[in-house]
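Right, one structure below, let's go through it.
The values are calculated or read from the model by the stated rules, or taken from the named source; none is laboratory data. As the structure is a prediction and not an experimental result, all values here were calculated from the model. Please note: Cβ atoms are built from the backbone with ideal geometry, for glycine as well, and neighbour counts cover all protein chains shown. Heavy atoms of the whole protein, side chains included, go into the accessibility calculation; ligands, DNA and RNA do not. Shrake-Rupley method; radii C 1.70, N 1.55, O 1.52, S 1.80 Å.
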Amino acid sequence: MKKLGLLLMPLIAISSLLSCGNSKSDPLPVITDYNSAKCNNGTFVGDESEDIVVWRGIPYATQPVGKNLRWKKALPAEDNNGTFAAVKPGHIPIGPNNDSQGTAEFGEDCLVLNVYNSKKSSSKNKPVMVWVHGGGFVTESISQPLYDLSHIANQYPDVIFVAIEYREGFMGFMNFEKVPGGENYKDATNLGLLDQLEALKWINKNISAFGGDPNSVTLFGESAGASSISFLPLIDGSKGLFKRLIVQSSNIAYCDTMEHGMHVTENFLHVTGCKNMEELLKLSLNDLLEATKKGNAIDTKNMLGAANFPLLDGVVLPEDRADMYDMWESEELANIDLLIGSNRDEVKYFIPIEGNLESFTEALRWVVRKDRTCLNDEEKVMFDAFMDTLSGENELERLQQYADDMNFRAGNTNMAIRHSNAGGNTYMYYLEKPGVNEEFGVIHGTEMMYLFDNPFHHVTYDFIPMECELKYQIKEMWVNFAKTGNPSTSEHEWTKFSEDDRQTMVFSDTLEMKKDILGQRENLMMSWAERLGNGASKRFC
């Protein structure tokens, strides 16, 4: 039998089982109508429980392993007639930490996905929701317990749920143009995004084998995952692979210049001791893991780290961030439905990362001061006007709200305005409550607890979703949007967003539509937020 990656176990023929024996403590999966899916690269047998089947670690591409494939664009998964057990997590992307809580290991062969299908519905044409996880483009994985989609799949049996993995950090977003031999690695700038595109092509080709409708695919993601799905419609080859996007707490601002990409590459060369591509290609897995830890420790200031963001390379993405906003005002992207929003206290996510509230406040002071130095005279007047809108707040609140608007809300609103003006089907949300506790409020990532019904582990804190209306409504609204393009429920009508009134669904103690919830203050920073984005490169302006 032809080998298909390192992560899947081939099922042994019945005759072999009879001759070799079979342990009762570790039975091989039994193929049934529910847990067997015939795809172009193999028949995959999932893990079947009473109500749901989960396929884990299915390879969606030829794994980028070995000297000839490392830092190269992923190739499509080769055709295969074998049968494989998809019951164990795949390897997770190389990053600074393993968040799988002991269920998975690091590996370059991480181009895998998980599929969740409830047995409560036997429909063969279910809408598909594809989850793209966050992690700042440098960490996290679909093996993280927070991203177990079993609960939502069980609650909504008429939808297929998929979670995809992609290369991150030093393996996924690198500028090698000045490295000897690097001229052959031009795709390395945005491999993580190209991986996602390859996963979507595999889903389009194979999801019907699981009962999914390839013509009804909704992408949803948070943080770097939300940025990713904001970029994907702009990339050649993505047309027709999805029809709706749910963009949670991020936008197309999260990208960087090729110059900053070179800065990150120099850090990586420094910690590895390598001088050219030939030496980089000889690094072992352990070498890569060690280099990742050391490399991410170099640029720790200002909540950015050694940010390997997608690069404005002029190939996968435009060279100018402003061009991407213009693309979001095109007729072509208006055909994609958009739901986008943010949380009230996004940047408080960084309090435990900075160590304490005092360190967090000082970091924000530095960020805001540095941002202002990047502005021209006209923008500085608007900057001061923006801060005046917060004059009634204490210093920390002013700093936090500036950072929240700059890093999240201005870009989100910019995208929503352009999409709506182009005739797009656009919806905006704002998560005001419930938070997790008084110190942290409604931080970056809060909504995922309520969406997936899983605890949110953040540094040394475990946040448990509260019993509230949000816990029940957010899932239904997200699923309704995926099914119909309208997130409204029988209890709550969700009005479309437009530039004039900026209708927004506010998740608070109750749910209600509100207009201009922030008084359009984002307009004051729109010009420099668009130009600078949220890349680390703006810190060098």
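Couple of notes before you dig in:
- Packing-based ranking, highest mean first, of 338-348, 388-398 given that Cβ atoms within 10 Å are counted: 338-348, 388-398
- On a per residue basis, region 379-433 carries 31 Å² of accessible surface, using protein heavy atoms and a 1.4 Å probe.
- Phi to ³J(HN,Hα) by Karplus 6.51 cos²θ - 1.76 cosθ + 1.60 over region 278-294, Hz, x for Gly, Pro: 4, 6, 4, 6, 8, 5, 7, 4, 5, 4, 5, 5, 5, 5, 5, 4, 5
- Given in Å, the Rg to one decimal and the Dmax to the nearest whole number for the Cα atoms of region 326-403 are 16.5, 47.
- Most to least accessible of His458, His263, His151 (protein chains only, probe 1.4 Å): His151, His263, His458
- With all protein chains kept in place, the per residue accessible area of region 234-324 amounts to 40 square angstrom at a probe of 1.4 angstrom.
- When each of the peptides 440-451, 206-217 is scored by the mean number of other C-beta atoms lying within 10 Å of its residues, the order from highest to lowest reads 440-451, 206-217.
- Pairs beyond 24 Å (Cα-Cα), from Lys186/Lys370; Lys38/Lys201; Lys126/Lys205; Lys72/Lys205; Lys72/Lys282; Lys243/Lys475: Lys186/Lys370
- Accessible area (Å², per residue) of region 100-150, counting only protein heavy atoms and a probe of 1.4 Å: 28 Å²
- Where trypsin sites (Lys or Arg not before Pro) fall in DSSP loop in region 218-284, at most 15 other Cβ within 10 Å: Lys239, Lys275, Lys282
- Cβ-based net charge around Tyr166, under 11 Å, with every Lys or Arg adding one and every Asp or Glu removing one: -4
- Hydrodynamic radius of the chain per Kirkwood, over alpha carbon pairs, in Å: 23.8 Å
- Antiparallel DSSP beta bridges within the chain, percent to nearest 5: 45 percent
- Projecting the Cα atoms of Asn308, Gly392, Leu357 onto the charge dipole of region 270-392, computed from C-beta unit charges around the Cα centre, puts Leu357 farthest toward the positive end.
- Stokes-Einstein translational diffusion, region 355-479 - Kirkwood Rh over all Cα pairs, 1.306 mPa s, 10 °C, in µm²/s: 93 µm²/s
- Across region 223-281, Cα-Cα pairs more than 16 Å apart make up 61 percent of the total.
- Positive contributions from Lys and Arg (+1) and negative ones from Asp and Glu (-1), summed over other residues with Cβ under 10 Å from the Cβ of Asn335, come out at -1.
- Fraction of accessible area attributable to carbon and sulfur, the chain (%, probe 1.4 Å): 48 percent
- Within the shell defined by Cβ-Cβ distances under 12 Å, the residues around Lys186 carry a net charge of -2, with Lys and Arg each +1 and Asp and Glu each -1.
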